[in-house]
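Single-structure report; data block below.
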Amino acid sequence: MESERDGRAQTAACAPDLIIKNPALQSTGQKVLYGTITIAFWALWFYLWLPLIMLAGWGFGLHQFFDIMVVQRGLDSLREVLVFYLITIAVMGGALILWATYNWLRFSGKERRNAKQDEHSSPHVAKALGTRESVVLIWQNQKTLRVSHHPDGRISTVVVGAAAKHSATSASANVV
């Protein structure tokens, strides 16, 4: 019993070196061999289940599929349709590639998303909205704002932060 425990302890001590725990230790030949054996046994497993699968398929009407596609030469019609589909996909893909290339040539190297810093500065925005700069700074540092407007288009209230997600009545700053 003591020697059995020692054997387990020795096995556990060298366990990190086992190939099964570290597949990177396998050579390419071993990986290919084990992969081939795995595929072969999966194929055998499928082959053993094939009669039952065929019986189920027959029960669900797959014999009609065989009759239409093989006996009545439906496969030829399918090939013709697939050729048409492949041509259509190629034309659409080519058009997409041409459009993307055109846009890349037109817009590459031109960064148009940069606005003038002056337009979005706190004093400029505060002046345009008729409020204090400190209020605008708070608004600019929030992820969420809920803005309500008067019928004439002016801002009436701004709900700031998490309150903007839940309630329009809390944490509002009036702008007149």
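The values are calculated or read from the model by the stated rules, or taken from the named source; none is laboratory data. Bear in mind that the values here come from a model prediction, so they are computed numbers and not experimental data. Every residue, glycine among them, receives a Cβ derived from its backbone with ideal geometry; neighbour counts consider all protein chains shown.
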**Item:** One residue from 112, 79, 154, 146 being under 36 Å from the mean Cα position of the chain (by Cα) and modelled with pLDDT under 85
**Value:** 112
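Look through 93, 74, 57, 29 and report the one residue that is exposed (fewer than 10 other Cβ atoms within 10 Å of the Cβ) and small (Gly, Ala, Ser). Before you say what the answer is, go through the steps one by one.
On the way: 93 fails: exposed (fewer than 10 other Cβ atoms within 10 Å of the Cβ); 74 fails: exposed (fewer than 10 other Cβ atoms within 10 Å of the Cβ); 57 fails: exposed (fewer than 10 other Cβ atoms within 10 Å of the Cβ).
Residue meeting the stated conditions: 29.
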